[in-house]
Amino acid sequence: MTRYVVQRVLSLIPVLIGVTLLVFLIMQLAPGDPVKIMLGPRASEEAVNQLRRDMGLDQPMHIQYLRWLGGVLRGDWGRSIQLKREVLPYLAGRFQNSAYLMVLALSAACLVGVPAGIVSAIRQYSLGDRVAMVLVLVGFSTPVFWLGIILQIVFGLMLGILPVSGIQSPGQTGTLDLILHLILPSATLATGPMAIIARMTRSSMLEVIRQDYIRTARAKGLRERLVISRHGVRNALIPVVTVIGLQAGYLLGGDILVEMVFSYPGIGLAMVTGILARDFPIVQGAILMVASSYVLVNLITDLAYAYIDPRIHYGT
Amino acid sequence: MFPKRTFLAWVVALCLALVSASVAVPLAYAQEPKAGGTIIVGLQAEPVTLDAPQVTDYNTIRAAYNLYDGLLRFKDESTEVEPGLAESWEISEDGLEYTLHLRKGVKFHDGTEFNAEAVKFNIERQIDPNHPYHDTGDFAYAEFTWGAVKQVDVVDEYTVKITLEYVLAPFISHLAMHPAFMVSPQAIKTYGRDISINPVGTGPYRFVSWTPGAEIVLERNPDYWGKPAYVDKLIFRPIIEDQARLTELLAGGINFMVNIPPDDLERLRNDPNFKVVEQTGMHTWWVYFNTLKKPFDDVRVRQALNYAVNKQAIVDNILKGTGVLAINPLPPVVWSYTDEVERYDYNPEKAKQLLAEAGYPNGFSCIFWTPESGSGMQQPVLMSTAIQADLKAVGVDCQIKTFEWGSFLEQGVVPPDKNPEWDLMAFSWIGDNGDPDNHLYILLSGDQWPPNGFNCGYYKNEKVDELLRLGRTTLDRAKRTEIYQQAQKLIVADAPWIWIDHETQIVVMDKRIQNFKLHPTGPFRFADVWIEQ
């Protein structure tokens, strides 16, 4: 097990190098010069050249990349071109904000999606199943930017019970205030994954309850509740866990649209503003952070299998 | 149907309400200013720095402005200068030496003294590459503001002398611009590059905190050298989406908002809880002709295209009143502006006739570059498409090419030997210091073809060049006004651009916020603002 984990962690390194290299190249090839964007058209050629030198942007591409990589390894992620501040603490804060949103959205998605899927499966073609599946379809097809605006109008404006944007009320820092600010964006963010999880649970469950061992369990007189919970759900959850893991990775990237609609200062929003300003250090740092967490979440998902499914073992 | 009596009661109630409303307004204005309260401003993006000399955009200066005082100050609603941290000043006969007498007893927010040394430190930090604190920031405006400065001398503790290399009449306005806002030298030494997020000025507000992505908080400076501000706290919140910002305003999450979507403006104007404050900005939106290329070297063609475009329709239907029609490259808020210039009112018949005279009775085709978005560009693609349609109607067939803003500037604003592909190019300009030189010289003088300046269409008229050079070296305001008015007449007759509009600055706020005035240079001044309880 330990060996497997070490192996997996080591295999992250080439993946992350590949990702950052790719992002670096894309940013280099994208039109627009960060220095000119930042200093604006009024800046003198001298000022532009000096800033370019200061940022190391006058160096050949491979030197720039290696310098950046070396810095990252030493914990120095560079300074944002546009925001004039250290990248690492800035992005760490943003990432933490996205993580709050992710945890809340994913919990909501699981808490609703999994039971809805199970109920739909064991009462297939019932009214409840049909209603649930229609809702799933609606949830899955609703664009988040639209849903976000509607929720803002309904809960923020008409009912006036929830804040509509940002992460804290002016001048406040309390946890309750934070949670209130998380409700609308995480509800918006949860709809997609919730729908996917519900559908996945349903189809996986349908498959499982038709298995011989379920019939056997029933035949030996086990109560239906136990059949479903002990033999059904546990087996049906394996593919669902994979999906949840993938969704977690996706949400960690910070859903850019949701963060934009709610002006929520997460990592997705940081990435977008970074891209618009051609702020290489921010974009590369953000991608590195998101990619690492994505790969790590995948690793955790794989390890979770071993716990859920006794048939799976990773080395010794 | 209402019973008659109820109906009457309603009518009376309505009349009373109307009367009391009309009485309430003057009463509100008659109120004494009161201290207290908080203004929460919804900005359209996160400010990038709070170190004034490093600011390059409106959004940022709006958050930073109230922390500082300039050496001089623009008067309210005008670009005339008045004393700031310098109580008085003298300009030598030859126009090369500016002696500033500084206000005594002014302290920075960190308690250190403001004096002549601080002025010298601030200017040299920006322009001297060997200054020990030059690397504490990126000073995009240093060249523009201080480019003419030869040296800065401390005469005594409260007198400083700035010597210029050459005479530059607009320099006096530069002393009121944000690079001339004074930052505490001690704070720069303490924080280094992080002065950007730990600003220390002398202004009516001082810095409290900056939570990235969430808010910037400033509080009233009780030790301010001038009259202290009324409002206790200023909070700036970045809310990127226009719709979300509007919802926040309506829900009370902010009480002051910028960038109102044109479609929602009308609704807010009619909402009794809010008031709309607007002022024509120091801005112009236009289309360059590449005057080195045929057929745009012919003034008749340029005039014809000016007649062909229905500018008023663009202002009314696309900008929906967020801009005013331009008849001159100079915005009306800039002194010396004159409307006694040739007019190119919409007249497609006249356009066709001029084109025929110039030898293009069947029109021609051309290439029209426009950015997708950009600072001051309003709605470039929609506006360009409308222009394209108008030109098509007189036989001029242009092909629009759109660009991302950065690459647009990189490829469109080039020296003539690079031979740019475009024949027409959309552009805009927001003035920096309210001096006509800042518009006319930089944008239309033959000395200012790229890379020197922004005369991107390579317009050249010897007489205009002479006037514009004279304008920037003449110190007498009356003479300058005359020179610039003459230049405007010549330029407009030459029609080097198709000028479309001057954008209106618009803010919406809670109606209890009193005495707020927009300034043509863009920042929000909150020192004299109070909130009715």
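Assorted remarks:
- Relative contact order of the range A:97-204, defined on C-alpha pairs under 8 angstrom at six or more residues apart (%): 50 percent
- For the range B:401-421 and the range A:211-251, distance of Cα centres in Å: 62 Å
- Accessible area that becomes buried as A packs against B, both chains, 1.4 Å probe, Å², nearest 100: 3500 Å²
- Cut-off 19 Å (backbone N to label point 7 Å along Cα→Cβ of B:Lys463), residues of the range B:278-321: B:297-304
- Put simply, the Cα atoms of chain B extend 85, 70, 42 Å along their principal axes, the longest span coming first.
- Area accessible to solvent at A:Asp212, 1.4 Å probe radius, in Å²: 100 Å²
- Heavy atoms of the protein chains alone define the surface here; on that basis chain B has 39 Å² accessible area per residue at 1.4 Å probe size.
- Relative to the Cα centre, the charge distribution of chain B, modelled as +1 at Lys and Arg Cβ and -1 at Asp and Glu Cβ, gives a dipole magnitude of about 1480 debye.
- Taken per residue, the accessible surface of the range A:94-308 reaches 45 Å², heavy atoms only and a 1.4 Å probe.
- FRET efficiency estimate (nearest 0.05) - Cβ-Cβ, B:Gln279 to A:Tyr125, R0 51 angstrom: 0.20
- What the range A:2-74 shows is 59 Å² of accessible area per residue, with the surface traced by a 1.4 Å probe over protein heavy atoms.
- The local environment of B:Val167, defined by Cβ-Cβ distances under 10 Å, has a net charge of -1 under the rule Lys, Arg +1 and Asp, Glu -1.
- Under the Karplus curve 6.51 cos²θ - 1.76 cosθ + 1.60, θ = phi - 60°, whole-Hz ³J(HN,Hα) for the range B:398-409, x wherever Gly or Pro sits: 10, 9, 8, 10, 9, 9, 6, 3, x, 6, 4, 5
- Inter-site label distance for B:Glu82 and A:Asp309 at 7 Å from Cα along Cβ, in nm: 7.7 nm
- Straight-line reach from B:Lys517: taking Cα to Cα under 23 Å and skipping same-chain neighbours fewer than 8 places apart, the lysines in range are B:Lys34, B:Lys75, B:Lys227, B:Lys233, B:Lys275, B:Lys320.
- Calculated mean residue ellipticity, 222 nm, the protein assembly as shown: -14500 deg cm²/dmol, from DSSP H runs (n ≥ 4) at -39500 (n - 2.57) each, averaged per residue and rounded to 500.
- Over the range A:94-308, Cα pairs under 8 Å with separation of 6+ residues give a relative contact order of 29 percent.
- Reachable lysines, given that their alpha-carbon falls under 18 Å from the alpha-carbon of A:Lys84 and they are not under 8 places away in the same chain: A:Lys36, B:Lys189
- Of A:Gly285, A:Gly32, A:Gly232, the one that fluctuates the most in a GNM where chain A has Cα springs shorter than 10 Å: A:Gly32
- Applying 0.36 nm per residue to the separation of B:Gln186 and B:Ile367 and subtracting their alpha-carbon distance, the gain on full extension is 59.8 nm.
- Between B:Lys392 and A:Thr2, the distance separating the two model label sites (each 7 Å from Cα on the Cα→Cβ line) works out to 7.3 nm.
- Mean per-residue shielding of peptide B:35-42 is 1, counting Cβ atoms of other chains within 10 Å of each Cβ.
- Each Lys and Arg contributes +1 and each Asp and Glu -1, all at the Cβ; summed about the Cα centre of chain A, the dipole is approximately 1100 debye.
- Stretch in chain A that is longest and holds no chymotrypsin sites (Phe, Trp or Tyr not before Pro) that DSSP places in a loop and that have at most 15 other beta carbons within 10 Å: A:126-313
- Debye, to nearest 20: dipole size of the range A:2-74, +1 on Lys, Arg Cβ, -1 on Asp, Glu Cβ: 400 debye
- Chain A: angle of helix A:234-252 to the longest principal axis, Cα-based, in degrees nearest 10: 20 degrees
- Residues B:Lys320 and A:Glu45, FRET efficiency given R0 of 30 Å [Cβ-Cβ distance, rounded to 0.05]: 0.15
- Within the accessible area of chain A (1.4 Å probe), percent carbon and sulfur: 68 percent
- Take chain A and mark each of the trypsin sites (Lys or Arg not before Pro) that is in a DSSP loop with at most 10 other Cβ atoms within 10 Å; the longest unmarked stretch, sites excluded, is A:75-209.
- Measuring with a 1.4 angstrom probe and ignoring ligands and nucleic acids, B:Ser92 comes out at about 30 Å² accessible.
- The HN-Hα couplings worked out from phi for the range B:237-251 by the Karplus form 6.51 cos²θ - 1.76 cosθ + 1.60 (θ = phi - 60°) are 10, x, 10, 5, 7, 4, 5, 5, 5, 5, 4, 4, 5, 5, 7 Hz, whole numbers, x standing for Gly and Pro.
- Cβ neighbours within 10 Å from other chains - mean over A:159-166: 6
- The portion of the accessible surface of chain B made up by carbon and sulfur, rounded to a whole percent, is 51 (1.4 Å probe; DNA, RNA and ligands excluded).
- Per residue of peptide B:398-411, the mean number of Cβ atoms on other chains within 10 Å of the residue Cβ is 3.
- Projecting the Cα positions of B:Ala140, B:Gly105, B:Gln151 onto the charge dipole of the range B:95-179 (unit charges on Cβ atoms of Lys, Arg, Asp and Glu, taken about the Cα centre) puts B:Gly105 furthest along the positive direction.
- Distance (nanometres) between label positions extended 7 Å along Cα→Cβ at B:Asp417 and B:Thr112: 4.6 nm
- Counting only aspartates and glutamates at least 8 places from B:Lys311 when in the same chain, those with an alpha carbon closer than 17 Å to its own are B:Asp339, B:Glu342, B:Asp345, B:Glu349, B:Asp390, B:Asp501, B:Glu503.
The values are calculated or read from the model by the stated rules, or taken from the named source; none is laboratory data. These numbers come from a predicted model, not from an experiment. Here the Cβ is made from the backbone with ideal geometry for all residues, glycine too, and neighbour counts use every protein chain on show. What goes into the accessible areas is simple: the full protein's heavy atoms, side chains included, and nothing from ligands, DNA or RNA. Shrake-Rupley method; radii C 1.70, N 1.55, O 1.52, S 1.80 Å.
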